[in-house]
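Take a look at this one; I'll ask things after.
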Amino acid sequence: MLASVSSILAKAKINIGGLSLGHFEAGAKALTIISIDSPAPSDVVGQIALIDGVSEVKMIEL
């Protein structure tokens, strides 16, 4: 799944600046936080949301 996300970002020429992965218990849903160098356009966010196994995508600008 992570390879699919990074591939979509690479095709959009969006650089990954940081990455954090975690889950609460084995076999449970996992959380991935990806810090990117520029905002992702809505079509890129939409492509990520369509990846099999992805349940939710949120873009947060800080």
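The values are calculated or read from the model by the stated rules, or taken from the named source; none is laboratory data. Just so we're clear, the structure is a prediction, and the values are computed from it rather than from any experiment. Methodologically, a virtual Cβ is constructed for each residue, glycine included, from the backbone with ideal geometry; neighbour enumeration extends over all protein chains shown.
Would you mention how many residues in the stretch 4-28 are at pLDDT below 95 and either within 15 Å of I51 (Cα to Cα) or of a type in the set (D, E) (or both)?
From the stretch 4-28, those at pLDDT below 95 are 21-28; that's our starting set.
Still in the running and either within 15 Å of I51 (Cα to Cα) or of a type in the set (D, E) (or both): 25.
Going through the stretch 4-28 one residue at a time, the tally reaches 1.
Would the stretch 25-35 turn up any residue that is of a type outside the set (F, W, Y), part of a helix (DSSP H, G or I) and surrounded by 10 or more Cβ atoms within 10 Å (Cβ to Cβ)? Full working, then the answer.
Filtering the stretch 25-35 down to residues of a type outside the set (F, W, Y) leaves 25-35.
Among the residues that remain, those that are also part of a helix (DSSP H, G or I) are: none.
No, the stretch 25-35 contains no residue that is of a type outside the set (F, W, Y), part of a helix (DSSP H, G or I) and surrounded by 10 or more Cβ atoms within 10 Å (Cβ to Cβ).
Tell me, please, whether a residue that is of a type in the set (S, T, Y), touching a residue at least 40 places away in the same chain (Cβ under 8 Å) and surrounded by 11 or more Cβ atoms within 10 Å (Cβ to Cβ) can be found in the stretch 4-21.
First, pick out the residues of the stretch 4-21 that are of a type in the set (S, T, Y): 4, 6-7, 20.
Now restrict to residues that are touching a residue at least 40 places away in the same chain (Cβ under 8 Å): 4.
Going one step further and asking which of them are surrounded by 11 or more Cβ atoms within 10 Å (Cβ to Cβ), we end up with 4.
The answer is yes, given that some residue of the stretch 4-21 is of a type in the set (S, T, Y), touching a residue at least 40 places away in the same chain (Cβ under 8 Å) and surrounded by 11 or more Cβ atoms within 10 Å (Cβ to Cβ).
Let me ask something else. Suppose we keep only residues that are of a type in the set (A, V, I, L, M) and more than 9 Å from the chain's Cα centre (by Cα) within the stretch 9-18. Which one would you say is farthest from T32 (Cα to Cα)?
We begin by selecting, within the stretch 9-18, every residue of a type in the set (A, V, I, L, M); these are 9-10, 12, 14, 16.
Next, only the ones that are more than 9 Å from the chain's Cα centre (by Cα) stay: 10, 12, 14, 16.
Values: A10: 17, A12: 19, I14: 17, I16: 13 Å.
The extreme case among them is A12.
When the stretch 33-42 is examined, which residues are found to be under 15 Å from S4 (Cα atoms) and either at pLDDT below 95 or of a type in the set (D, E, K, R) (or both)?
Result: no residue meets the conditions.
Looking for whichever is modelled with pLDDT of 95 or more and either β-branched (V, I, T) or in contact with a Phe, Trp or Tyr (Cβ under 8 Å, 6 or more places away or on another chain) (or both) here; the options are I60, I48. Which one fits? If you could, list the steps in order and put the result at the bottom.
Numbers: I60 fails: modelled with pLDDT of 95 or more.
The unique qualifying residue is I48.
Name the residue that is surrounded by the fewest Cβ atoms within 10 Å (Cβ to Cβ), counting only residues in the stretch 40-51 that are free of Cβ contacts under 8 Å to residues at least 12 places away in the same chain and either assigned to a loop (DSSP other than H, G, I, E, B) or within 12 Å of the chain's Cα centre (by Cα) (or both). Walk me through how you get there before you give the answer.
Within the stretch 40-51, the first condition is being free of Cβ contacts under 8 Å to residues at least 12 places away in the same chain, and the residues that meet it are 42-43, 46, 49-50.
Checking the rest, the ones that are also either assigned to a loop (DSSP other than H, G, I, E, B) or within 12 Å of the chain's Cα centre (by Cα) (or both) come to 46, 49-50.
On the way: G46: 12, A49: 12, L50: 10.
Only one residue fits best here, namely L50.
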